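S.K.: Input: one structure, supplied below.
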Amino acid sequence: MAERRQPIVAVLGHVDHGKTSLLDHVRSLGEHGRASVMDREAGGITQHIGATEVPADVLNELCSPLLGGKAFDSPGLLFIDTPGHHSFSTLRARGGSLADIAILIVDVMEGCKPQTKESVRVLKQSKTPFVIAANKVDRIHGWHAERGRAMVHAMRDQSKEAIGLVEHRYWDLVGQFAEDGFNIERYDRVKDFTKDIALVPISAREGEGVQDLLAVVIGLAERFLAEQLTDIEGSGEGTVLEMKEERGLGRTLDLILHRGSIRKGDEVVLVTDQGGVSTHVKGMFCPRGMSEMRDAGNRWDDSDVAYAAAGVKISAPSLEGVLVGTTLRVVNSDEDRAAAMAVANEEANLSIELDEEGVCIKSDTVGGLEALAKELGGKQIPIREASLGKVSRRDVRSAEASSDPLHRVIMAFSTDILAEAEAEIEDSDAGVRHIGSDIIYRILEEHEEWVQQRSLELEEERREKVVYPGRVLLLPDHTFRVSKPAVVGVRVLAGRIHIGQRLLKEGRRLGRIKSIRSGQESMKEAIQGAEVAIAVEGATVGRQFDEGDVLLVDIPESHARKLRKMEMTTVEREVYEDLLAIHRKEDHFWGR
């Protein structure tokens with residue numbers, strides 16, 4: 001075995017900024033090695049479970065124009081290629097992130113997008129070093145692309161106009177990353193990699209600049225991560241990426257082994273929803289040749305041993321309830337087992353602070369749940385319940401039980417909702433909302449929009465039950481009937497008017513509004529600015545009131561108390577205060 005393992009590299013970035021294109025290009029590099037893509041000998045690219053390994057000799061050959069005769073010490077690079085529904089933030093190893101280093105890919109034409117910002121936040125929280133790949137330089141006007149060329153050579157072969165446009169885009173990115181407290185510098189100008197984040201212009205589609213990117217990544221890893229890359233001795237540790245049923249194998253786990261080794265027959269301790277469990281590795285597999293990891297069918301090769309860093313599939317008894325994103329630990333003694341079980345039990349306990357009142361959150365992984373909880377904590381959104389798995393009927397009923405209507409929401413990160421739970425939400429009268437996404441910022445955005453919309457709906461519901469104050473003008477030449485009932489045209493000057501409200505003139509009660517009409521349409525209420533005809537019982541035009549009069553619309557005392565705690569417009573508030581003044585001449589405590 002080599003004295004060090006290869007660095008584990010994660011690729012992050014906004015949707016459509018080029019993550020897939022970059023990984024596809026990395027997988028194609030085997031064509032340039034000494035072996036074909038379908039060959040698993042040294043020099044070819046090997047696809048593990050959830051990862052793609054680029055060996056050192058391919059890297060050395062690819063990057064030789066940039067190395068000046070030097071060679072990399074690392075055995076290669078292992079790119080994490082997680083299932084689509086898993087966020088980088090959910091994958092942890094030994095308290096940090098699973099990745100040793102990350103590539104943050106940004107579309108040079110579009111700059112930082114919300115998911116870019118989320119990636120930066122995750123990298124910051126996990127203290128994972130990263131390099132920025134400024135992708136799609138081939139889309140810059142006038143850029144002359146050449147497949148597979150080093151960027152250091154490509155920059156010399158561009159017009160002044162194209163270089164000027166590149167610089168313009170570069171300075172835009174400098175400003176955007178400065179907002180998050182990062183200094184970025186083009187990779188060939190960096191003087192101190194501990195102070196500046198290196199930015200490498202690339203075209204993932206053309207493969208231009210990819211060797212520069214890989215050279216920077218592996219150079220940084222060898223220089224600054226030497227200690228953790230030599231941490232390969234001792235019992236194996238891996239991060240569980242996925243649990244699934246395999247035909248002929250039963251339940252299996254896909255995992256990234258990031259430390260030590262694992263062998264067929266080894267005892268391992270896993271984290272389940274019930275705490276730590278111990279089992280033995282029954283089978284260990286990797287996909288044959290370049291079989292696509294998640295579509296390999298029965299094309300699996302049986303393996304006896306795997307060494308970090310690697311992707312591997314294992315089968316074992318007692319895998320029920322294993323939590324995705326948690327740690328598998330190989331144990332070799334009773335002491336190892338006791339220590340591993342203690343740590344696994346601790347990992348199974350969610351470190352999320354819960355309140356008596358708040359929202360419900362779900363995720364498919366412990367890391368995902370904690371990542372969502374952390375974001376909600378930053379926005380002062382309380383959490384009443386946090387659990388793993390798919391959204392169930394029980395979750396819906398739990399959300400219904402919340403006393404605050406704005407907390408009757410289930411936020412689900414990277415997990416689905418069961419059909420029975422969807423049906424329960426549809427049948428519910430409590431206004432429960434399910435918000436699900438594979439991207440945390442989308443959940444937060446949708447929640448914010450829902451809270452705003454729901455607040456307006458609740459306000460309208462309260463307004464429907466509460467009689468609001470208003471002020472009306474009796475329009476000249478708009479008396480349609482003098483009495484029994486009087487029918488007059490009015491303009492609503494402020495607030496609103498409802499059927500059943502009494503009218504006041506200079507503090508004296510007049511008749512009651514019997515109906516409201518606009519043309520042939522009957523209405524329950526009219527709001528500020530509306531001109532409508534009202535029928536008034538108990539009053540006569542020319543006696544109690546006249547055309548041109550301005551009247552107040554009265555409210556019951558019990559409604560005045562409710563209104564005091566509710567949002568009102570400025571003009572509604574003015575009418576409300578006028579009504580309080582009138583009533584409190586007779587009763588000092590009216591409406592209090």
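S.K.: What GluC sites (Glu not before Pro) does region 500-552 have in DSSP loop regions with at most 12 other beta carbons within 10 Å?
M.R.: Glu506
S.K.: Find, among the trypsin sites (Lys or Arg not before Pro) in region 162-255, those assigned to loop by DSSP (not H, G, I, E, B) with at most 10 other beta-carbon atoms within 10 angstrom.
M.R.: The qualifying sites are Lys191, Lys195, Arg247.
S.K.: Scattering from the C-alpha atoms of region 89-203 alone, worked out with Debye: what is log10 I(q)/I(0) at q = 0.12, 0.19 1/Å?
M.R.: -0.45, -1.02
S.K.: Taking the Cα centre of region 359-465 as the origin and placing charges on Cβ (Lys, Arg +1; Asp, Glu -1), which of His447, Gly431, Leu376 is farthest toward the positive end of the dipole?
M.R.: Leu376
S.K.: Where a Cα-Cα gap under 21 Å defines reach, which lysines qualify for Lys514, not counting those fewer than 8 residues away within the same chain?
M.R.: Lys465, Lys484, Lys505, Lys524
S.K.: Cross-link list Lys160/Lys195; Lys70/Lys313; Lys244/Lys379; Lys117/Lys195; Lys70/Lys136: which exceed 24 angstrom alpha carbon to alpha carbon?
M.R.: The answer is Lys160/Lys195; Lys70/Lys313; Lys244/Lys379; Lys70/Lys136.
S.K.: Once phi is turned into θ = phi - 60°, what whole-Hz ³J(HN,Hα) does the Karplus curve with 6.51, -1.76 and 1.60 give for every residue of region 326-332, x standing for Gly and Pro?
M.R.: So the Karplus estimates, Gly and Pro as x, are 9, 9, 9, 10, 7, 10, 10 Hz.
S.K.: When only DSSP loop residues count, what GluC sites (Glu not before Pro) in region 116-222 have their Cβ near at most 13 other Cβ atoms within 10 Å?
M.R.: Glu179
S.K.: OK, next. Have a look at the DSSP beta bridges in the chain and tell me what percent are antiparallel, nearest 5.
M.R.: Taking every DSSP beta bridge with both residues in the chain, the antiparallel ones total about 70 percent.
S.K.: At Glu146 and Val482, where each label point lies 7 Å from the Cα along Cα→Cβ, what is the point-to-point distance in nanometres?
M.R.: Simple spin-label model gives 10.1 nm for this pair.
S.K.: What distance in nm separates the simple spin-label points at Glu222 and Ser455, each placed 7 Å from Cα in the Cβ direction?
M.R.: 5.5 nm
S.K.: Straight-line reach only, C-alpha to C-alpha below 13 angstrom: list the aspartates and glutamates that Lys374 could link to, leaving out same-chain residues fewer than 8 apart.
M.R.: Lys374 reaches Glu118, Glu353.
S.K.: Further question: With no solvent and one equal point scatterer placed on each C-alpha of region 388-485, evaluate the Debye formula and give log10 I(q)/I(0) for q = 0.13, 0.15, 0.21, 0.24 Å⁻¹, two decimals.
M.R.: -0.57, -0.68, -1.12, -1.28
S.K.: Run the Debye formula on the Cα coordinates of the chain, all scatterers equal and no solvent, and tell me log10 I(q)/I(0) at q = 0.09, 0.10 1/Å.
M.R.: Those come out to -0.79, -0.89, one per q.
S.K.: Hey, any idea what the orientation-averaged projected area of the convex hull of region 199-281's Cα atoms comes to, in nm²?
M.R.: About 9.2 nm², averaged over all directions.
S.K.: What area, in nm² and to one decimal, does the C-alpha convex hull of region 237-348 cast on average over all directions?
M.R.: 6.3 nm²
S.K.: I've got another one for you. How big is the charge dipole of region 87-195 about its Cα centre, in debye rounded to the nearest 20, if each Lys and Arg gets +1 on its Cβ and each Asp and Glu gets -1 on its Cβ?
M.R.: 340 debye
S.K.: Another question, if that's okay. Applying the Karplus parametrisation 6.51 cos²θ - 1.76 cosθ + 1.60 with θ = phi - 60° to the phi angles of region 6-14, what ³J(HN,Hα) value in whole Hz is obtained for each residue in order, glycine and proline being reported as x?
M.R.: Computed from phi, the couplings for region 6-14 are 6, x, 8, 10, 9, 10, 10, x, 6 Hz.
Only the coordinates and a few stated rules stand behind these numbers; no lab work does. Small disclaimer: the values here were computed from a predicted structure and weren't measured. Note that we place each Cβ from the backbone using ideal geometry, even for glycine, and neighbour counts take in every protein chain shown.
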